[in-house]
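Reading through the structure tokens given below for one structure.
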Amino acid sequence: MSEIEKYDLIIIGGGIAGYSAALKASQALSVAVIEAKKIGGTCLNVGCIPTKAYRQLIMEYKNGNSFFKNDTRLFTREKLADVFEEKINCSVSGLHDGLMQALKKNSIDVYQGKAILADDKMVVVKNDSGEEKRLEYQFLLIATGAKPVVPSVFANEYSNVFTTDKAFVKSNLIPKSIVIVGGGIIGVEFASFLADFGATTIIIEREDHILKKSFSVEVSQTVTKILRKKGVKIYTDCEVVGIEEEDDETIVRIQKRTSPIRSDTEEILTDKVLLSIGREPDLDNQLIQGLSVNVRDGAIVIDEYLKTSNPKVYAAGDVCGGIQLAYTAEYQGEMAALNVMSSVMGEGKIHNGKVGMVPSCIYMNPEIASVGVKETDPDKCFAAKYSLKGNGMAIIENSDDGYVKLIFDQHSGELVGAELVCSHAVEMISLCKEWIEMRKTANDISNSIFPHPSLTEAFKEAAILYLKEVGTGEIPS
């Protein structure tokens, strides 16, 4: 029998929630991380990082920049796939190596393999070779993340159909044509990238408009217009009812959800099919049941302090359902770690892990970002929308098709929401979030100093629009 290693905290799952918790807890506790696949989880290995690296590569290819040496004609489709794969892997591996060094520097032990519950204070890690290691814990944190949702119509394996977890396999990188099933944030991002690259791109969305769960109707309409301008075809209120592969091509059969005739379908011929319908908590049912942890709607139930129904077990990140974003998972992981530290050290201080206001972002061209109130009630709020046609930096960057919309409370003049459609929107939205939390008013924003020329000057102009229309505060001359 192997020697038993003892830890204050064992974390099952080495994604962003797990490793963030480990780094925080290691300040005072002995910590181990168990990861079945690869440290870094979805975000680092198959999600955020490779997706944005992919976007950057397509932009550089399109503009003839960097290693493309201003002559994209030299690159065959196969050569491009090689280059893209190499560059994406380079970005991922560099960050992965840095993360592993950080874990080692903080004396965090990493175990590769599957976590199996032995009893109420011990887990066994079993690796691919069948070797086992016994670990004893005082507290457990479950941070196993989420996995792609795969509809039953795609239950069989198809060579040209893949989820976002497989999007960066070489054979999927450079499609001639693609059908994207799902018009949420990830589906829209991929549609934008691939359309910019020249692929014939189609989105199939079962709702009546894209981005329905994440953004306002106006943002949806704006993004729809942008995508169609790029050549993307969008089918709404439709679902895939059949799929068939013939040689190197795939036939996708779709149908209007409201169609009374089941045979009333349309066929789409495509090179590849990307499933981007969403993600669901990745639960190890045997482990969860053994720990007597409550589950609701497929997600681990936690209280506001990230504690489960088992007082020795915490959970954080996508495995808990709710908002599935890397930065919310990171926050929850750190708060859970602080609460475990408090329990182990007997401090009695607990930290609320409830996720507050979170920005929503789309990394496309132009970028889209929003925070706070999305749809406005005219009796309560006023939306001041400033077109970037009058912004110097937007004109210089040739990106003046977008806008900045600030939403103010009608009575107090406080900022309560923002929508940005412009380059650098993802960076700019954090400023809006801070203003909302600090209860800044239109008057405060209009009297602020912004660099010139800059896109942030649009904030001042939007605030002035509000003051002119509503007639409160002092309007800068």
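The values are calculated or read from the model by the stated rules, or taken from the named source; none is laboratory data. Worth saying up front: this structure is predicted, and the values here are computed from it rather than measured. Note that each Cβ is placed from the backbone with ideal geometry, even for glycine, and that neighbours are counted across all protein chains shown.
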Quiz item: What do you reckon, is THR222 touching a His at 6+ places or on another chain (Cβ under 9 Å) and either among the acidic types (Asp, Glu) or crowded, with 16+ Cβ neighbours inside 10 Å (or both)?
Solution: no
Quiz item: What number goes with the only condition from (1) surrounded by 20 or more Cβ atoms within 10 Å (Cβ to Cβ); (2) assigned to a loop (DSSP other than H, G, I, E, B) that GLU419 does not pass?
Solution: (2)
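Can you name the residue in region 401-416 that is of a type in the set (D, E, K, R) and either surrounded by fewer than 20 Cβ atoms within 10 Å (Cβ to Cβ) or not assigned by TED's automatic domain parsing to the domain that holds THR456 (or both) and, of all such residues, is nearest to the chain's Cα centre (by Cα)?
ASP401
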Quiz prompt | Residue tally, condition out of contact with any helix residue (DSSP H, G or I) (no Cβ under 6 Å at 6 or more places or on another chain) and over 20 Å from SER342 (Cα atoms), over region 15-38 | solution = 4
Exercise. For region 417-444, name all the residues that are under 23 Å from the mean Cα position of the chain (by Cα) and either among the charged types (D, E, K, R) or over 20 Å from SER360 (Cβ atoms) (or both).
Key: GLU419, GLU427, LYS433, GLU434, GLU437
Exercise. Output the residues belonging to region 128-184 that are in contact with a helix residue (DSSP H, G or I) (Cβ under 8 Å, 6 or more places away or on another chain), assigned by TED's automatic domain parsing to the domain that holds THR51 and either free of Cβ contacts under 8 Å to residues at least 12 places away in the same chain or of a type in the set (Ser, Thr, Tyr) (or both).
Key: THR144
Practice problem: Would you mention how many residues in region 451-471 are surrounded by fewer than 15 Cβ atoms within 10 Å (Cβ to Cβ) and modelled with pLDDT of 95 or more? | Solution: 3
Self-check item: Among the candidates PRO366, PRO453, residue that is more than 27 Å from ILE49 (Cβ to Cβ) and of a type outside the set (A, V, I, L, M)
Solution: PRO453
Quiz item: Which residue pairs have Cβ atoms closer than 8 Å, lie 6 or more positions apart in sequence or on different chains, and pair a first residue in region 242-259 that is over 15 Å from ASN160 (Cβ atoms) with a second residue that is of a type in the set (S, T, N, Q)?
Solution: ILE254/THR265; GLN255/THR265
Practice problem: Looking at (1) more than 15 Å from ALA25 (Cα to Cα); (2) touching a helix residue (DSSP H, G or I) at 6+ places or on another chain (Cβ under 9 Å); (3) not hydrophobic (A, V, I, L, M, F, W, C), find the lone condition where GLU330 falls short. | Solution: (1)
Quiz item: Quick one: how many residues across region 431-471 are touching a Pro at 6+ places or on another chain (Cβ under 7 Å) and outside any loop (DSSP other than H, G, I, E, B)?
Solution: 3
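Are there helices (runs of 4 or more DSSP H) fully within region 281-397 with at least 3 residues that are closer than 20 Å to ALA115 by Cα, at pLDDT below 95 and of a type outside the set (Ser, Thr, Tyr)? List them.
Those helices (runs of 4 or more DSSP H) span 285-290.
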Quiz item: Here are some conditions: (1) free of Cβ contacts under 8 Å to residues at least 24 places away in the same chain; (2) within 30 Å of VAL371 (Cβ to Cβ). TYR305 meets all but one. Which one does it not meet?
Solution: (1)
Quiz item: Just wondering, is there one or more residues in region 103-110 that are farther than 19 Å from LYS272 by Cβ and β-branched (Val, Ile, Thr)?
Solution: yes
Practice problem: Could you tell me which numbered condition ALA299 fails, if it satisfies all but one of (1) aliphatic (A, V, I, L, M); (2) free of Cβ contacts under 8 Å to residues at least 24 places away in the same chain; (3) assigned by TED's automatic domain parsing to the domain that holds GLU249? | Solution: (3)
Self-check item: Residue within region 234-249 that is at pLDDT 95 or above, among the polar types (S, T, N, Q) and either outside any loop (DSSP other than H, G, I, E, B) or assigned by TED's automatic domain parsing to the domain that holds VAL301 (or both) present
Solution: no
Practice problem: Return a yes/no flag: does region 292-313 have any residue that is crowded, with 17+ Cβ neighbours inside 10 Å, under 14 Å from the mean Cα position of the chain (by Cα) and closer than 19 Å to GLY14 by Cα. | Solution: no
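Conditions tested, residue by residue: (1) modelled with pLDDT under 95; (2) part of a loop (DSSP other than H, G, I, E, B); (3) crowded, with 22+ Cβ neighbours inside 10 Å; (4) touching a strand residue (DSSP E or B) at 6+ places or on another chain (Cβ under 9 Å).
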residue	(1), (2), (3), (4)
GLY187	no, no, yes, yes
PHE190	no, no, yes, yes
ASP196	yes, no, no, no
THR201	no, no, yes, yes
LYS212	yes, yes, no, no
ARG228	no, no, no, yes
GLY231	no, yes, no, yes
Exercise. Evaluate the following for MET357: is it touching a Gly at 6+ places or on another chain (Cβ under 7 Å), of a type in the set (A, V, I, L, M) and in contact (Cβ under 8 Å) with a residue 12 or more places away in the chain?
Key: yes
